[in-house]
Amino acid sequence: MAHIIAVAGKGGVGKTTLCGLLIQYLCETGRKPVLAVDADANSNLNEVLGVETEVTLGELREEIERAGVDSRYQIPAGMTKQAYLEMRLSDALTEEQDYDLMVMGRTQGQGCYCFVNGLVQTQIQKLQSHYPYVVVDNEAGMEHISRGLLPTMETAILVSDCSRRGVQAAGRIARLMKELNFKPKQVGLIVNRAPQGKLDEGTLEEIKKQELNLLGVVPHDDMVYRYDCDGKPIVQLPQDSPVREALKEIVDKLGI
C-alpha cells in the first residue's frame with residue numbers, strides 16, 4: 001500500500017506551497033510516481049505545480065446532479081448515472097510524467113460537500129495501490145480529519161505560521177487525530193515563513209504547550225511571494241531556494 005502523507009493546518013499558513021515542493025522533491029529523489037490529492041474545495045495545488053486540470057470531482061458531481069435538467073450536461077442514452085460517473089472519474093486524474101493529480105474542487109452554489117468528500121475518499125482507496133506515495137493537501141481546519149477521510153495515513157504533517165493561533169490550530173488537529181484513534185506512524189509540525197528561519201520564545205513556548213513534535217522551520221522567502229504575484233508555479237523556485245533547502249532537510253529527517 002502507498003505511504004499516505006496528509007498535510008493539514010489552519011488557512012493561510014502555506015500548506016499548499018509546501019505540498020507542491022514536497023511532491024516535487026519526492027519525484028526528484030526517485031520516490032515516484034506520486035498521487036497528489038488536492039482535498040480542498042478552494043483548490044489551488046495545481047497552480048503551485050503549474051498544471052492545468054481537465055475536470056475536478058466537484059465538477060463531475062455537477063454533471064451528475066444536473067443531467068437531464070441542464071442541457072449542458074448529458075448522460076449517454078442507456079447509461080446509468082453511476083456508470084457514467086465511473087467512466088468520467090478517469091478524466092479527473094491529471095497525469096504528469098512523475099505524478100498524477102486529483103482535485104476535489106467545489107460544487108456550484110449551495111449544497112453539501114458530502115458526496116464530493118466521499119468521492120475523494122473512495123478514489124484514494126481505489127488508486128493508492130498504484131503509487132508508492134500519496135500526498136494529500138487538506139482543506140484549512142479540521143473537517144477532513146473529523147470525517148475520517150484518511151484513516152490510514154502514515155505521516156501527518158501539521159503546518160503553522162509563527163503565530164500562536166497557527167500552532168494552537170495544529171495542536172487541535174493533533175488531538176483530534178488521537179481522539180479518532182488515528183494512528184499515523186509519525187506526526188510533526190512544520191513552522192512556515194519564519195523570519196530568518198528562527199522562532200521566538202513565544203512560539204517555542206506554544207509548541208511545547210501543545211505537545212507538538214517540531215520537525216523543522218521553513219524561512220520566509222520574498223521570492224515565494226513574488227512568484228505567487230507573478231502567477232509563476234512555486235515548483236519553479238531556484239534549487240538553492242532556502243525554502244527548498246529547509247523542506248529537503250525535514251523530509252530527510254522524516255525518513256519517508
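Details
- Principal axis analysis of the Cα atoms in the range 1-102 yields extents of 47, 29, 24 Å, listed in decreasing size.
- Semi-axis lengths, Å, the chain, gyration tensor of Cα atoms, sqrt of 5 times eigenvalues: 33, 20, 17
- Taking amide hydrogens as placed 1.01 Å from N in the peptide plane, the amide H of Gly9 sits under 5 Å from those of Gly141, Val159, each at least 5 positions away in sequence or on another chain.
- When Rg and the Kirkwood Rh are both derived from Cα coordinates, the Rg/Rh ratio for the range 40-83 amounts to 1.10.
- HN-Hα J in Hz across the range 178-192 - Karplus 6.51, -1.76, 1.60, θ = phi - 60°, x for Gly and Pro: 5, 4, 8, 6, 6, 10, x, 5, 8, 10, x, 10, 10, 9, 9
- Maximal additional length on extending the Glu205-Asp91 stretch stands at 36.3 nm, based on 0.36 nm per residue less the C-alpha distance.
- Pairwise FRET efficiency - Lys178 versus Glu54, Cβ, R0 = 41 Å, nearest 0.05: 0.60
- With 0.36 nm allotted per residue and the present C-alpha distance subtracted, the Gln239-Gln186 stretch has 16.3 nm of extension available.
- Here is the tail figure for the range 202-251: Cα pairs spaced more than 14 Å apart come to 60 percent of all pairs.
- In percent, rounded to a whole number, the relative contact order of the chain is 28, using alpha-carbon pairs under 8 Å and six or more apart.
- Highest to lowest packing among 127-136, 240-249, scored as the average C-beta count within 10 Å: 127-136, 240-249
- Cα gyration tensor shape of the range 161-204, rounded if a/c is under 1.5, else prolate or oblate by comparing a/b with b/c: prolate
- Accessible area of the chain belonging to carbon and sulfur atoms, whole % at 1.4 Å probe: 47
The values are calculated or read from the model by the stated rules, or taken from the named source; none is laboratory data. Remember, predicted model here, so these are calculated numbers, not experimental data. When we count neighbours, we look across all protein chains shown, and the Cβ atoms used for this are built from the backbone with ideal geometry, even at glycine. Note: areas computed on protein heavy atoms with side chains; ligands, DNA, RNA excluded. Shrake-Rupley method; radii C 1.70, N 1.55, O 1.52, S 1.80 Å.
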